[in-house]
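Each remark here refers to the structure printed beneath this line.
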Amino acid sequence: MAIEKLGRPTKARLAVLRNQVSRLLWDGKVETTVAKAKSVSSAAEKVLTLAINSYNDTVKVTKTITDANGNKVEKEFLNDGATKLAARRQISKIVYDLQEQRKPKEAIAVFKARTENIAHPLVEKIFNELAPKFAERAKTTGNFGGYTRVLKIGQRRGDAAEMAIIDLI
């Protein structure tokens, strides 16, 4: 990822970028400085493009499993294809693994049932929610790219840094 230096050493700069890209994709909006917003926008666009180009690549696999009674049963599973798996691995290198949070007044049993089979919630959200949404948008409007928007909101009190809000369109 080629980004601005942002006055930080490489490891700190990449950590800030990964954190903000993760928060943007999870929450849909991040408030930060203009320079960081432009870097985050570039990285988020690349992540979304990877997901959009590969989210349909699935393979049906039939496996023989033994049930509780000892009977052998054939069951169909949907696995990721080669391009989707490669895209998942690349996206996992860019974004942090954010975990699903319990909703207010949600029972623990309901929360566990809802999140039982989800190992990487942010990556799942990118492939299952964001990629289909932006792919449909690209088909209808003909615009490939432009998934994020940077809105300048003025100067921050204290150090007068130019602030911006970056959000998903």
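Bear in mind that the values in this text are calculations on the coordinates, not laboratory data. Small disclaimer: the values here were computed from a predicted structure and weren't measured. For neighbour counting, all protein chains shown are included, and Cβ atoms are generated from backbone atoms with ideal geometry for every residue, glycine included.
For the stretch 108-169, what class follows from the C-alpha gyration tensor (a ≥ b ≥ c being the square roots of its eigenvalues): rounded when a/c is under 1.5, otherwise prolate if a/b is larger than b/c, else oblate? Could you put the intermediate results ahead of the total?
Values: a/c = 4.16, a/b = 1.36, b/c = 3.05.
Taking the square roots of the gyration eigenvalues as a ≥ b ≥ c, the stretch 108-169 is oblate.
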State which entries of Lys11/Lys36; Lys5/Lys36; Lys84/Lys125; Lys38/Lys125; Lys36/Lys152 exceed 18 angstrom in Cα-Cα distance in the structure shown. Lys38/Lys125
Counting Lys and Arg as +1 and Asp and Glu as -1, each charge on the Cβ, what is the dipole of the stretch 1-70 about the Cα centre in debye, to the nearest 20? 400 debye
For Lys139, counting only lysines whose alpha-carbon sits under 19 Å away and dropping same-chain residues fewer than eight positions off, the answer is Lys46
Select from Ala68, Ala107, Ala135 the residue whose mean-square fluctuation is largest in a Gaussian network model of the chain (Cα-Cα springs shorter than 10 Å). Ala68
Rounded to one decimal in nm, the spacing of the 7 Å Cα→Cβ label points at Ile108 and Lys46 is 4.2 nm
So how far apart, in nm, are the two label points at Lys152 and Thr115 if each is 7 Å from Cα heading toward Cβ? 4.0 nm
Please identify which residues in the stretch 69-93 have an amide N closer than 15 Å to a label point set 7 Å out from the Cα of Val59, following the Cα→Cβ vector. 77-88
Ignoring the sites themselves, what is the longest stretch of the chain with no chymotrypsin sites (Phe, Trp or Tyr not before Pro) in a DSSP loop and at most 16 other beta-carbon atoms within 10 Å? 1-95
Subtracting the Cα-Cα distance from 0.36 nm times the residue separation, let me have the gained length for Ile169 to Thr141 in nm, one decimal. 8.8 nm
